[in-house]
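Structure first, then comments.
The values are calculated or read from the model by the stated rules, or taken from the named source; none is laboratory data. Treat the numbers as computed from the prediction; the structure is a model and nothing was measured. For neighbour counting, all protein chains shown are included, and Cβ atoms are generated from backbone atoms with ideal geometry for every residue, glycine included.
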Amino acid sequence: MSVRKALTMRISKTTSLSLAVAAISLVSATGHASTRDWAESRGALMTRSDAWKPFGMPTKRDIARFNLSSAYTISFKSNVTNMGLLIGDDKLVFDFGQCTYSLAPTRRNSVYLGLAKKDVARVTLRNGNLNSGPSTVGGVAGSSGNVTLSNAAAWNTNGLLAIGGYGSGGLTVIGGGKLASTTGGVGMYGRSKGNVLLSGDGSDWNVAGTLAVGGKTSTGQVNIRDNASLNVGDKLDIRKGSALTLNGGSLSAASIIRPGSVVFQSGTLNLTKSNLTIGTGGALGAAVILDKKQTLNVSQDVIVNGVTGSFDLSGGRFSAARTLNSGTINFRGGEFHGTLVNSAASSTVNITATAAVFANDVLNNGTFSVGAASKARFEANVSGSRGFTGGGEITFAGTYNPGTSDSQGLDAPVSFSNNIIFTPDARLRLNLGGPSRGFLSDGIAYDRVDVNGRIHLTNVDIALAGTPALQVGDRFDLVTGSIVYDENFHISLPNLSGGRSFDVIRGNTSLSAVIIPEPAIGTLLAGAAAALALCRPRRRR
């Protein structure tokens with residue numbers, strides 16, 4: 001059942017609710033409740049019997065109603081339980097004194113603010129706990145309701161919390177206030193308006209299910225700032241004309257449905273159970289820019305749309321399971337975490353940051369530019385059919401396989417207009433043989449790296465893809481460029497049958513492998529005997 005359908009079951013569909021209807025909505029499933037009215041406009045203890053009409057404080061089967069058109073404080077010195085709470089045209093402070101005020105978790109509203117047209121219902125909760133069932137702030141059309149949680153007050157709502165039913169509703173959580181509800185709605189019906197402000201360290205609203213912001217003709221506004229947080233266990237549904245602004249706090253949601261707007265100014269945004277599309281219709285719009293004040297974490301994939309999407313990392317922190325780019329990514333600074341797939345020939349990654357580190361796998365089948373004043377370091381595996389450009393320095397600390405991500409990995413040659421460094425533990429993996437779609441030598445496809453610059457090699461692994469028809473005399477220029485061989489340089493070569501083997505030619509501008517005949521066993525033995533004879537010491541006379 002949707003949030004709005006759930007609320008329909010709790011609020012009359014008429015545009016004006018009478019006080020009597022509001023009271024009836026609090027009748028429990030087991031019996032009828034009586035209503036007791038607060039009568040002391042100067043405020044007093046909640047448990048003071050002579051402050052109520054009829055005489056005696058409300059019991060757990062009674063509804064407590066406050067409607068004096070006054071401003072006053074209700075104090076608590078012990079825990080109190082009532083059936084429900086109604087607030088009309090009053091401005092209240094509930095100072096719980098570290099006590100708990102419990103309202104029956106009825107199937108209908110157990111807290112209801114705004115009982116009649118023109119009511120201005122206000123309540124501030126301090127220093128304790130309020131436990132309730134489903135609740136509405138700003139219930140009747142033309143009414144206004146507002147709840148403020150401060151001084152570490154906590155409100156736990158077992159059911160829907162509607163901020164703006166048919167009237168105008170407001171919610172302010174400050175000073176470490178804690179709010180929890182099963183579901184939530186901000187601006188729900190008719191032309192109602194809902195406004196929520198979460199502000200300050202430790203101030204938060206936790207919604208176990210869906211949170212709806214705005215409706216068909218109603219609107220809602222949610223503002224999160226100054227280290228406050230909003231956590232939504234299921235969908236965050238922001239309707240057209242409504243908005244959520246994140247400015248210095250944190251927002252977590254399983255997914256965001258966005259015909260309305262998400263204004264991400266600063267803070268941390270977490271998507272916990274869904275992909276994020278960057279492009280027209282995406283939750284954050286067609287162009288996303290993360291500066292140093294912003295963090296974006298996506299538990300699944302981020303998809304940068306090739307037609308309308310662009311992602312600019314300008315000092316912020318970004319993480320996703322995978323980033324699937326068919327558009328444009330500009331890396332000007334910050335942190336990038338997760339697998340990067342530069343998926344299409346038209347996709348582009350531009351690095352202009354002083355230093356960029358990619359801790360996870362990268363697949364590059366598009367344009368990948370590392371600017372002349374930039375450095376890029378790849379900690380994990382890198383593969384793909386396209387090379388790198390831009391003139392900057394590239395360091396490989398994992399395995400670089402210049403081919404596609406399939407098992408044969410042949411789609412070379414790839415070219416670099418960069419200086420390349422392989423760390424001592426890094427490996428350049430090159431494949432020989434397979435489909436004739438790579439670089440050819442006498443009809444044999446193989447991987448090749450062409451560097452217009454300097455390349456520092458440490459470990460090179462040569463592997464056979466399939467069963468290529470290698471012949472004596474075949475030569476494979478594996479790497480070209482200005483080559484520097486590490487003092488511990490090592491090349492791993494596959495064994496060949498049929499009396500053939502590899503010979504490696506290490507040149508300053510190329511690294512090549514040539515197929516040569518394997519020396520016969522007799523020749524090897526004769527050579528070994530001659531070597532031993534030369535090494536035999538002379539006898540003394």
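Does residue 398 satisfy the condition of being of a type outside the set (Phe, Trp, Tyr) and modelled with pLDDT of 95 or more? Against the criterion (of a type outside the set (Phe, Trp, Tyr) and modelled with pLDDT of 95 or more), residue 398 qualifies. Taken over the stretch 185-207, the criterion of being over 23 Å from the mean Cα position of the chain (by Cα), surrounded by fewer than 24 Cβ atoms within 10 Å (Cβ to Cβ) and of a type in the set (S, T, N, Q) is satisfied by 195 alone.
Let me confirm something: among 250, 255, which residue is more than 23 Å from residue 155 (Cα to Cα) and assigned to a strand (DSSP E or B)?
Details: 250 fails: more than 23 Å from residue 155 (Cα to Cα).
Of 250, 255, the one residue that is more than 23 Å from residue 155 (Cα to Cα) and assigned to a strand (DSSP E or B) is 255.
Condition (residue is out of contact with any Gly (no Cβ under 8 Å at 6 or more places or on another chain) and either surrounded by fewer than 20 Cβ atoms within 10 Å (Cβ to Cβ) or touching a residue at least 60 places away in the same chain (Cβ under 8 Å) (or both)) applied to the stretch 341-354: is it met by at least one residue?
Checking the stretch 341-354: not a single residue is out of contact with any Gly (no Cβ under 8 Å at 6 or more places or on another chain) and either surrounded by fewer than 20 Cβ atoms within 10 Å (Cβ to Cβ) or touching a residue at least 60 places away in the same chain (Cβ under 8 Å) (or both).
Figure legend. Inter-residue proximity from the stretch 162-184: first residues closer than 21 Å to residue 128 by Cβ, second residues part of a loop (DSSP other than H, G, I, E, B) and at pLDDT below 95, beta-carbon distance below 7 Å, spacing 6+ or different chains. Indicated pairs: 175/151; 175/152; 176/152; 177/152.
Would it be correct to say that residue 232 is assigned by TED's automatic domain parsing to the domain that holds residue 188, crowded, with 21+ Cβ neighbours inside 10 Å and either within 25 Å of residue 203 (Cα to Cα) or in contact with a Cys (Cβ under 9 Å, 6 or more places away or on another chain) (or both)? In short, yes. Scanning the stretch 208-224 for residues that are crowded, with 24+ Cβ neighbours inside 10 Å and outside any strand (DSSP E or B) yields 210, 214, 215, 218.
Exactly one condition in (1) polar (S, T, N, Q); (2) farther than 25 Å from residue 141 by Cα; (3) assigned to a strand (DSSP E or B) is false for residue 227; which is it? Residue 227 satisfies all of (1) polar (S, T, N, Q); (2) farther than 25 Å from residue 141 by Cα; (3) assigned to a strand (DSSP E or B) except (3). If you go through the stretch 264-280 and keep only what is under 21 Å from residue 330 (Cβ atoms), more than 10 Å from the chain's Cα centre (by Cα) and in a strand (DSSP E or B), you end up with 264, 265, 266, 277, 278. Of the strands (runs of 3 or more DSSP E) that lie entirely inside the stretch 52-168, those containing 1 or more residues that are of a type in the set (Asp, Glu) span 62-66, 91-95. If I filter the stretch 441-497 down to residues being at pLDDT below 95 and of a type in the set (Lys, Arg), which single residue comes out as surrounded by the fewest Cβ atoms within 10 Å (Cβ to Cβ)? Per the criteria, the residue is 475. Exactly one residue among 219, 210, 182 is modelled with pLDDT of 95 or more, among the hydroxyl-bearing types (Ser, Thr, Tyr) and within 21 Å of the chain's Cα centre (by Cα), and that residue is 210.
Within the stretch 105-139, the set of residues being out of contact with any strand residue (DSSP E or B) (no Cβ under 7 Å at 6 or more places or on another chain) and of a type in the set (A, V, I, L, M) comprises 116 only.
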